[in-house]
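Engineer: Sharing a structure here in structure tokens format.
The values are calculated or read from the model by the stated rules, or taken from the named source; none is laboratory data. For clarity, every value in this text was computed on a predicted model and none was experimentally measured. Quick reminder, even Gly has a Cβ in these numbers, built from the backbone with ideal geometry, and neighbours come from all protein chains shown. The protein model used for the area step is the full one, side chains on, heavy atoms only, and it has no ligands, DNA or RNA in it. Shrake-Rupley method; radii C 1.70, N 1.55, O 1.52, S 1.80 Å.
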Amino acid sequence: MKLAQRVTLRQLRALAAVADSASFTQAARLLHLTQPAISMQIRDMEDIVGQVLVDGRREIHLTTAGEIVLRAAREALEGLERAEVELKARMGVAAGTLDVVAITTAEYFVPHLLAEFGRRHPDISFRLTVDNRERVHALLQENRVDVAIMGQPPRGLALRRIPFAPHRLSFVARPGHPLAARRNIPVAALAGERLLLREQGSGTRDNLERFLRANGVKPLAADQLGSNETLKQAAMAGMGIAFLSHHTFAMEVEYGRLQRLDLQDTPVIREWNVVARADRPLTPALEALLEFLQTEGAAMMRAMER
């Protein structure tokens, strides 16, 4: 069979794209080819291997033989990418793909930061995942990401942690809410209100609960809604008061759909951190991203808040 002599990189890329997208059409879009071209690459590789690699009778999935070849394809493609990164590093060029994970609140600004960084470093690309704090901690624990953008880092791991910007959180409500017209509101006033909560495992919810405990306040009632966008919509509808990052509600305040409540001891100010495992190699690409966030992240985020 002599796969190493007969299988091409184009065929390996086609198989990986089909596996990732579960679609010949989507695989063609990913590789900027036509769907018949992808189908031909797969058929040619099946002829070389002598077995069916992709079963598309009902829904597209790889056969056992296809999974075996896919593992080898990913190793070959990733090996070539690593070689390219090393070669460019020898020439002083930061390159490669960075796996970035961000907590859900950070999704409002992380794409803007990465877009600007990408314009300055066109040889660096990203795989960005957004999830709640609990899941971000797990990805760091499992060593499955290069860098995380989050609030409080997990304990018990050897990490590189760089604080790069303040993180402000405040209470918001619809403009017609009774507290919206008041100034210098005592925190105790929250005891008579209905609060809107993020899900368990969310950093925003953890910050809210710490704030309430520190002030000895127990709200009248609380509803768990599960996402920043749902909390904003619920607050605008008059369901209650939400505790949110300033990054999430700046536009709604600007257009008069939400109002930040003038509550004592707010905004609560935390830190945004960029975090990487200390045992993960500090590649030129990762080093460039860490430096960019440390030197320019705060200024960019202030501009976005305005």
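Engineer: Across the stretch 118-134, what is the total count of residues that are in contact with a strand residue (DSSP E or B) (Cβ under 8 Å, 6 or more places away or on another chain), among the charged types (D, E, K, R) and within 22 Å of Thr105 (Cα to Cα)?
Structural biologist: So the answer is 3.
Engineer: Also: It is to be established whether one or more residues within the stretch 138-146 are open to solvent by less than 30 Å² (accessible area, probe 1.4 Å), assigned to a loop (DSSP other than H, G, I, E, B) and on the phi < 0 side of the Ramachandran plot.
Structural biologist: yes
Engineer: Could you list all residues from the stretch 253-272 that are acidic (Asp, Glu) and either open to solvent by less than 40 Å² (accessible area, probe 1.4 Å) or in contact (Cβ under 8 Å) with a residue 40 or more places away in the chain (or both)?
Structural biologist: Asp262, Asp265, Glu271
Engineer: Among the helices (runs of 4 or more DSSP H) confined wholly to the stretch 2-68, which include 1 or more residues that are open to solvent by less than 60 Å² (accessible area, probe 1.4 Å)?
Structural biologist: Passing ranges, in order: 9-21, 24-31, 35-49.
Engineer: Restricting the search to the stretch 174-224, which residues are open to solvent by less than 20 Å² (accessible area, probe 1.4 Å), under 27 Å from the mean Cα position of the chain (by Cα) and either at pLDDT 90 or above or on the phi < 0 side of the Ramachandran plot (or both)?
Structural biologist: Those that are open to solvent by less than 20 Å² (accessible area, probe 1.4 Å), under 27 Å from the mean Cα position of the chain (by Cα) and either at pLDDT 90 or above or on the phi < 0 side of the Ramachandran plot (or both): Leu195, Leu196, Arg198, Ser202, Gly203, Thr204, Asn207, Leu208, Phe211.
Engineer: If a residue must be touching a residue at least 60 places away in the same chain (Cβ under 8 Å) and either farther than 30 Å from Pro153 by Cα or touching a Lys or Arg at 6+ places or on another chain (Cβ under 7 Å) (or both), how many such residues does the stretch 172-197 contain?
Structural biologist: Of the residues in the stretch 172-197, 13 are touching a residue at least 60 places away in the same chain (Cβ under 8 Å) and either farther than 30 Å from Pro153 by Cα or touching a Lys or Arg at 6+ places or on another chain (Cβ under 7 Å) (or both).
Engineer: Could you tell me which residue of the stretch 287-306 is most open to solvent (accessible area, probe 1.4 Å), considering only residues that are more than 15 Å from Arg120 (Cβ to Cβ) and of a type outside the set (Gly, Ala, Ser)? Step through it out loud before you land on a result.
Structural biologist: Let us first name the residues in the stretch 287-306 that are more than 15 Å from Arg120 (Cβ to Cβ), namely 298, 301-306.
With the extra rule that they be of a type outside the set (Gly, Ala, Ser), the set shrinks to 301-302, 304-306.
Details: Met301: 5, Arg302: 119, Met304: 66, Glu305: 52, Arg306: 202 Å².
Out of the qualifying residues, it is Arg306.
Engineer: Then there is this: So which residues in the stretch 69-111 are in a helix (DSSP H, G or I), at pLDDT 85 or above, within 21 Å of Pro284 (Cα to Cα) and not hydrophobic (A, V, I, L, M, F, W, C), if there are any at all?
Structural biologist: Pro111
Engineer: Output the residue which, of all residues in the stretch 233-251 that are free of Cβ contacts under 8 Å to residues at least 40 places away in the same chain and not small (Gly, Ala, Ser), is nearest to Asp131 (Cα to Cα). If you could, list the steps in order and put the result at the bottom.
Structural biologist: We begin by selecting, within the stretch 233-251, every residue free of Cβ contacts under 8 Å to residues at least 40 places away in the same chain; these are 233-234, 251.
Next, only the ones that are not small (Gly, Ala, Ser) stay: 233, 251.
Details: Gln233: 20, Met251: 22 Å.
Residue satisfying both the conditions and the ranking: Gln233.
Engineer: Okay, next question. Mind checking whether some residue in the stretch 154-172 is farther than 30 Å from Asn273 by Cα and not charged (D, E, K, R)?
Structural biologist: No.
Engineer: Just wondering, is there one or more residues in the stretch 227-239 that are of a type in the set (Val, Ile, Thr), at pLDDT below 90 and within 24 Å of the chain's Cα centre (by Cα)?
Structural biologist: No, the stretch 227-239 has no match at all.
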